[in-house]
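Encoded as structure tokens, the structure appears first; notes follow it.
The values are calculated or read from the model by the stated rules, or taken from the named source; none is laboratory data. What you are looking at is a predicted structure, and each value in this text was computed from that prediction instead of being measured. A quick note on method: Cβ atoms are made from the backbone with ideal geometry, for glycine too, and the neighbour counts reach across all protein chains shown. To get the accessible areas, we keep the full protein, side chains included, count just its heavy atoms, and leave off ligands, DNA and RNA. Shrake-Rupley method; radii C 1.70, N 1.55, O 1.52, S 1.80 Å.
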Amino acid sequence: MTKTIAILGAGAWGTTLANLARANDHQVRLWSRQGDLSLEDVVKNAEIVLCAISMKGVQDVALSVKSCQISPQTIFVTATKGLDAKTTRTPSQIWQTEFPDHSVVVLSGPNLSEEISQGLPAATVVASKNTAAAQVVQQVFSSGRFRVYTNSDPVGVELGGTLKNVMAIASGVCDGLHLGTNAKAALVTRGLTEIIRIGKVLGAKTETFYGLSGLGDLLATCNSPLSRNYQVGYQLASGKTLTEILASLPGTAEGVNTCQVLMQISQEQNITMPITEQVYRLLETQVTPKQALDELMLRDTKPEYHQ
Ligand SMILES: NC(=O)C1=CN([C@@H]2O[C@H](COP(=O)(O)OP(=O)(O)OC[C@H]3O[C@@H](n4cnc5c(N)ncnc54)[C@H](O)[C@@H]3O)[C@@H](O)[C@H]2O)C=CC1
Ligand SMILES: O=C(CO)COP(=O)(O)O
């Protein structure tokens, strides 16, 4: 059945998701700050409101949507991968707080938008506490080129997509320094251990991180030059400054802000995050890429599963 869908954010990901829904004959209205359509008109009577805005805009846009006319049945879908700098909340927690009586669905997976725009095959996950809402969103986006799975752990699905961005920066550094395949495998595997350690504290299920939105997205983003986060790391390793890199980057690299929020969480909750800490120190120019590597390699020896 044709759905009316409002997509907020006309960047790389919002546009790609709009095209996927249009290809399935849904009626899509796309809103961006620079566009001609008003937010009020875009969300009016929408059965689904999907947000693909960068993290820094989510709270303000959620508040603006709150002042618009929304049907009580409207499903909110969040596709943003980040953490709020002020409250450390995930995007779905922001949407659920502002719309407590609505279903909120997280959409996340190994989804480099450029590949999907080219029609290459990909899979994703839609996760919600409300299974029926997740199934509606699954039907909206599923096609022969985009395979959509449902999941009942929205925070886990969301954190997989968010936390891997920091590991993608580290992976870019690893490749930029030409450290080899063994080093990359070790980094990504220990990165997953670190993601699971943080994710469990933040309320996610461990098994979710072994799925598409966890390991899947980690592999995609840590291995692709199409990833903006990977590009940040790769170019830092080549000696560029963060300011120079961000000035020429096509789109948002959420891992930069996510890393700062994670350091705050790590200090407040006493969670060991060695890779995240070195990425943070590198972004803050407290260490060089080579020093960050040495710090990681020379940590105290320990059993593999010592937390
Ligand atoms: N591009 C990709 O391959 C994927 C991106 N994502 C996530 O989707 C989100 C958006 O990413 P992209 O579309 O790639 O970024 P982008 O930089 O291409 O677009 C960001 C969009 O957010 C809007 N925006 C930024 N700040 C805003 C504010 N304060 N108020 C209102 N709108 C604001 C921009 O105008 C733009 O429409 C990010 O969280 C990203 O991690 C998730 C999966 C895939
Ligand atoms: O989340 C993504 C792929 O799943 C996109 O990665 P980047 O934001 O690093 O480009």
Name the pairs whose Cβ atoms lie under 9 Å apart, with the first residue in segment 18-33 and assigned to a loop (DSSP other than H, G, I, E, B), the second loosely packed, with under 15 Cβ neighbours inside 10 Å, and 6 or more positions between them or separate chains?
24/2; 24/139; 24/143; 25/2; 26/2
In segment 61-102, the residues that are within 24 Å of residue 216 (Cβ to Cβ), open to solvent by less than 30 Å² (accessible area, probe 1.4 Å) and in a loop (DSSP other than H, G, I, E, B)
79, 80, 82, 83, 90
Looking only at segment 58-79, count how many residues are more than 14 Å from the chain's Cα centre (by Cα), under 17 Å from residue 138 (Cα atoms) and among the hydroxyl-bearing types (Ser, Thr, Tyr).
1
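This table checks each residue for (1) within 16 Å of ligand 2 (Cβ to nearest atom); (2) within 20 Å of residue 110 (Cβ to Cβ).
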residue	(1), (2)
14	yes, yes
32	no, no
39	no, no
43	no, no
56	yes, no
Residues located in segment 228-242, provided they are within 16 Å of ligand 1 (Cβ to nearest atom) and over 12 Å from residue 256 (Cβ atoms):
230
For segment 143-179 the number of residues that are open to solvent by less than 40 Å² (accessible area, probe 1.4 Å) and assigned to a loop (DSSP other than H, G, I, E, B) is 1
Residues satisfying the stated conditions in segment 80-100, i.e. within 18 Å of residue 152 (Cα to Cα) and more than 18 Å from the chain's Cα centre (by Cα):
100
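Rundown of residues vs (1) over 28 Å from residue 228 (Cα atoms); (2) among the hydrophobic types (A, V, I, L, M, F, W, C); (3) buried (at least 19 other Cβ atoms within 10 Å of the Cβ), yes/no style:
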{"residue": "7", "(1), (2), (3)": "no, yes, yes"}
{"residue": "14", "(1), (2), (3)": "no, no, yes"}
{"residue": "24", "(1), (2), (3)": "yes, no, no"}
{"residue": "27", "(1), (2), (3)": "yes, no, no"}
{"residue": "32", "(1), (2), (3)": "no, no, no"}
{"residue": "41", "(1), (2), (3)": "yes, no, no"}
{"residue": "55", "(1), (2), (3)": "no, yes, yes"}
Just checking, which of 218, 242, 226 is surrounded by fewer than 19 Cβ atoms within 10 Å (Cβ to Cβ), near ligand 2 (Cβ under 10 Å from one of its atoms) and at pLDDT 95 or above?
226
Of those in segment 113-142 that are within 16 Å of ligand 2 (Cβ to nearest atom) and part of a loop (DSSP other than H, G, I, E, B), the residue least open to solvent (accessible area, probe 1.4 Å) is 120
Identify the single condition in (1) closer than 18 Å to residue 80 by Cβ; (2) out of contact with any Ser or Thr (no Cβ under 8 Å at 6 or more places or on another chain) that residue 165 does not satisfy, given that it satisfies every other one.
(2)
